[in-house]
1. Restricting attention to the stretch 132-140, does a residue exist that is out of contact with any Lys or Arg (no Cβ under 6 Å at 6 or more places or on another chain), surrounded by 13 or more Cβ atoms within 10 Å (Cβ to Cβ), part of a loop (DSSP other than H, G, I, E, B) and hydrophobic (A, V, I, L, M, F, W, C)?
2. For Ile99, are the conditions met, namely being at pLDDT 85 or above and either in a helix (DSSP H, G or I) or of a type in the set (S, T, N, Q) (or both)?
3. Among the residues of the stretch 92-117, which ones are over 22 Å from Asp161 (Cβ atoms) and of a type in the set (A, V, I, L, M, F, W, C)?
4. Cβ-Cβ distance below 7 Å, separation of 6 or more or different chains: which pairs start in the stretch 60-75 with a residue that is surrounded by 10 or more Cβ atoms within 10 Å (Cβ to Cβ) and end on one that is modelled with pLDDT of 75 or more and of a type in the set (A, V, I, L, M)?
5. Restricted to the stretch 1-32, and to residues that are of a type in the set (Ser, Thr, Tyr) and loosely packed, with under 10 Cβ neighbours inside 10 Å, which residue is nearest to the chain's Cα centre (by Cα)?
6. Given Asp179, Asp153, Asp93, Asp174, which one is surrounded by 11 or more Cβ atoms within 10 Å (Cβ to Cβ), acidic (Asp, Glu) and at pLDDT 85 or above?
7. Which one of the conditions (1) modelled with pLDDT of 85 or more; (2) surrounded by 10 or more Cβ atoms within 10 Å (Cβ to Cβ) does Leu50 fail to meet, given that it meets all the rest?
8. So which of Lys63, Lys74 is assigned to a helix (DSSP H, G or I) and modelled with pLDDT under 80?
Amino acid sequence: MEAIYDWMRNLAFFFIFMTAILNCLPSNQYRKYVQFFLGIVLLILLSKPLLKLVNLDSVLDDKLSSETLEQELKSSRNSAYSVEGVQEGLLEDAYAKEIEGQISDMFKEQEIQVDEIKVTLKGEEDNLQVEKISLSASNMQEPLYREEGDDMDRNFQRKLDEAKTKLSQVYEVDESHIDISR
């Protein structure tokens, strides 16, 4: 008899709790979802005496706790992977920015103005390599006369070719993967 009274008391408390929750919802937008969840809880409460008779309540508790632990483990693994991915992306970005700065400094030494640089990397976190370099450059010196401009243009092109060869050697990139536009 005591078990029946406990069961009925639990049901009464649940109905009071359910009514309070449904009345406290700010809008009817989520009402059907809350009712669905509370309906599942009600089914569990109603079937609890039957589960105790067949001794399935302990099996259900064990299964629920093991599933909860598995979900927490998966969640922690996923969060660890996402943190590693973010760190790896930040490392690649920082490495690419450092190389872009080095290239910019090298071109300034040769009196070539760099307008835009883009470095593409490949490889793993511990073995990043430069895959492609794209940049646009312009001559810092303006010609005064047309004849002087042709000579300066040839000189500028020679400087760009030398810079391309130097980039290829320093960063171990094939010259065909270095694009220098004017």
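The values are calculated or read from the model by the stated rules, or taken from the named source; none is laboratory data. A quick note: this is a predicted structure, and the numbers were derived from the prediction, not measured. We place every Cβ from the backbone using ideal geometry, glycine too, and count neighbours over all the protein chains shown.
1. Taking the stretch 132-140 as the starting set, the residues that turn out to be out of contact with any Lys or Arg (no Cβ under 6 Å at 6 or more places or on another chain) are 132-133, 135-140.
Add one more test, that the residue is surrounded by 13 or more Cβ atoms within 10 Å (Cβ to Cβ), and what stays is 132-133, 135-137, 139.
Those left that are additionally part of a loop (DSSP other than H, G, I, E, B): none.
Scanning the stretch 132-140 turns up no residue that is out of contact with any Lys or Arg (no Cβ under 6 Å at 6 or more places or on another chain), surrounded by 13 or more Cβ atoms within 10 Å (Cβ to Cβ), part of a loop (DSSP other than H, G, I, E, B) and hydrophobic (A, V, I, L, M, F, W, C).
2. No, not satisfied.
3. Ala94, Ala96
4. Here the result reads Leu60/Leu51, each pair linking the stretch 60-75 to a residue that is modelled with pLDDT of 75 or more and of a type in the set (A, V, I, L, M).
5. Out of the qualifying residues, it is Ser27.
6. Among Asp179, Asp153, Asp93, Asp174, only Asp179 is surrounded by 11 or more Cβ atoms within 10 Å (Cβ to Cβ), acidic (Asp, Glu) and at pLDDT 85 or above.
7. (1)
8. On the way: Lys63 fails: modelled with pLDDT under 80.
Every option except Lys74 fails the conditions.
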